[in-house]
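> Pasting a structure here, questions to come.
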Amino acid sequence: MATRTRQDFQRFADSAANAKNPLYQRVARALSESDEALAVVEGAPGRKRRPALVFAALHDLALSGRAEPLARAYAADDAEAAAPAAIQALLSHPEHVVELLGRRTLQADEFGRYAVLWPVIAEAAHRAGAETVGLVDVMCSAGLNLNVGRVGIAYSNGQFLGDATSPVQLAASVVGKAPLPTWPMPRVAARVGLDPDPIDTSKPEDARWLRACVEPSQREQLRLLEAELDLAATDPPVLVKGDVLDTLPTALAQVPTDVLPIVLTTWALRDLALDDRLRFLHRLDEAAATRPLAWISVEGVGVAPAVPTFGDRRASGHSIIGLALLEGSKMQVEAVGRSWSQGRMLSWTAG
C-alpha cells in the first residue's frame, strides 16, 4: 500500500541535503512509517503527493490553528514532538489536507530574484531611454517580484543597489570582476502579474499559504516574507488570472501607452513546452508591433528562445540572464550574465 509515496518520504528523510533540516527530516521518517498517514496522502492526485507539498499543507494546518500540538512543536523547533503531531494533524483533518494538496501548488522561494532582476531592469530602461516602466511578471505567483526597486540589495563585491531604508534587505554574491550596472531604477508606473492561479496576499488564507511554504525552522526567511508582504500591501500589484499565453496581451494593456513595458520571466518558461515557449516569443513580437517593450529572462541554459547561451551546455546548473528590446519587427537580444542559486549569485558579462 502506498509504496511509491512511502519511498518518496523515505528518500526525503535519507537525503543528505535534508540533513540540514532535522525537523522535516524527522517528520518525513515518521510519515513514511505510518500506513494511516500515507493513506491520507494517497487521497490526493499522484503528482500532488510530494513531501514538500505535504509539509506545506501541514504547516498551513499549524498556522491556521487547526493543529495546535504541531504548531507548538514547530515553534519550539522540536523534531521529536513534531513527528507524532504531524501524523495526528493528518488523521484529524484528512479532507482539509487532501483539498489543500489538490488545489495548491508549492510556492518557490523568490527572495533571491530581486538581486538578479534589479540591475537588469535598470539596464533595460537605460538602453531603451525610458525613465518610467511597467513591470509584467509572468508566472507571478503572488507578484512579490514586482517589489523590486523598493528593496535594498548588498552584493559581495561591495556594490549596493536599491533602497537602504527598505524593510526588505537582501545579500547576494557576484562572481567575476565585472561590476553590475549602476543606472538608476526607473519609476515603476504599473505592476502586473499573470499566473494560472495567482496568490492574492490581501486574502488571509493566500498569505498564510505563502508562509506555509516556508519551513518553520527558517526564521529569517519567514521574517523576510513578512516584510515582503507588508511592502506589497502598500502598492498591491494587478493580478491577471489565466493561461499566461492567452492573458499576456491583457496584462500588457494594463501598462500605460506612454510607458515601456518590461516583461519578466524568471524560471517560468521551463514549465512550458517548447512550442508554447515559441508562442510566448510570438506574443512578444505581436505586442512590439504597436509599442516598444523589453523582455528580461532568467532561465536555464537553452530554455528561453532566441536568448544566446555563451555556448554553455544545457542542464549545467546555472541560468542565463537575457535582455531583449523589441520594437516593430526588430528584436535586439543579448545574454548579459549568468545566475546561480535562484538569483542569489550572479555574474555580469555585458559591456
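What follows draws every value from the coordinates through simple rules; no lab data is involved. Given the structure is predicted, the values throughout are model-derived calculations rather than measurements. Because the Cβ atoms are built from the backbone with ideal geometry, glycine has one as well, and the counts that use them run over all protein chains shown.
> Of the options Val192, Gln218, Ile321, report the single residue whose Cα projects farthest towards the positive end of the charge dipole of the chain (beta-carbon charges: Lys, Arg +1; Asp, Glu -1).
Checking the options against the dipole of the chain, the answer is Ile321.
> Using a Förster radius of 45 Å, what is the FRET efficiency between Thr257 and Gln10 based on their Cβ-Cβ separation? Nearest 0.05, please.
Working from the Cβ atoms, E equals 0.20.
> Another question, then. How would you rank His59, His96, going from fewest to most other Cβ atoms within 10 Å of each one's own Cβ?
Least to most surrounded, the residues fall as His96, His59.
> Right, another one. Using the beta-carbon distance between His126 and His282 and R0 = 22 Å, what value does 1/(1 + (r/R0)^6) give for FRET efficiency, to the nearest 0.05?
Efficiency for this residue pair is about 0.25.
> About the Cα centre of the chain, what is the dipole size in debye to 20, counting +1 per Lys and Arg Cβ and -1 per Asp and Glu Cβ, all else neutral?
700
> Which of the GluC sites (Glu not before Pro) across the range 69-173 are loop residues per DSSP, with 13 or fewer other Cβ within 10 Å?
Those satisfying the criteria are Glu131.
> Going toward the positive end of the dipole of the range 113-348, with +1 on Lys and Arg Cβ and -1 on Asp and Glu Cβ, which of Ala251, Ala227, Ala164 do you reach last?
Of the candidates, Ala164 comes out farthest on the positive side.
> Now a separate question. Hey, can you grab everything whose amide H is under 5 Å from the amide H of Glu299? Only 5+ residues off in sequence or another chain; H modelled, so Pro and N-termini drop out.
Amide H to amide H, under 5 Å and 5 or more residues apart or across chains, Glu299 pairs with Trp267, Ile320, Gly322.
> Would you mind checking the range 222-252 for residues with the amide N under 18 Å from a putative spin-label position 7 Å along Cα→C-beta of Lys203?
Residues 229, 233, 236-244 qualify, since their backbone N sits under 18 Å from the label point.
> Let me ask something else. Please list 3J(HN,Hα) in residue order for the range 93-98, calculated via the Karplus relation 6.51 cos²θ - 1.76 cosθ + 1.60 where θ = phi - 60°; whole Hz, with x for glycine and proline.
Using θ = phi - 60°, the values come out as 9, x, 5, 5, 5, 5 Hz.
> Of the DSSP beta bridges with both residues in the chain, give the percent that are antiparallel, rounding to the nearest 5.
Antiparallel bridges make up about 45 percent of those DSSP assigns within the chain.
> For the range 3-103, rounded, prolate or oblate, judged on the Cα gyration tensor with a ≥ b ≥ c (square roots of eigenvalues), a/c < 1.5 rounded, else prolate if a/b > b/c?
oblate
> Right, here's the next one. If you average the alpha carbon positions of the range 179-240 and of the range 55-122, how far apart do those two centres end up, in angstrom?
Between the Cα centre of the range 179-240 and that of the range 55-122, the gap is 17 Å.
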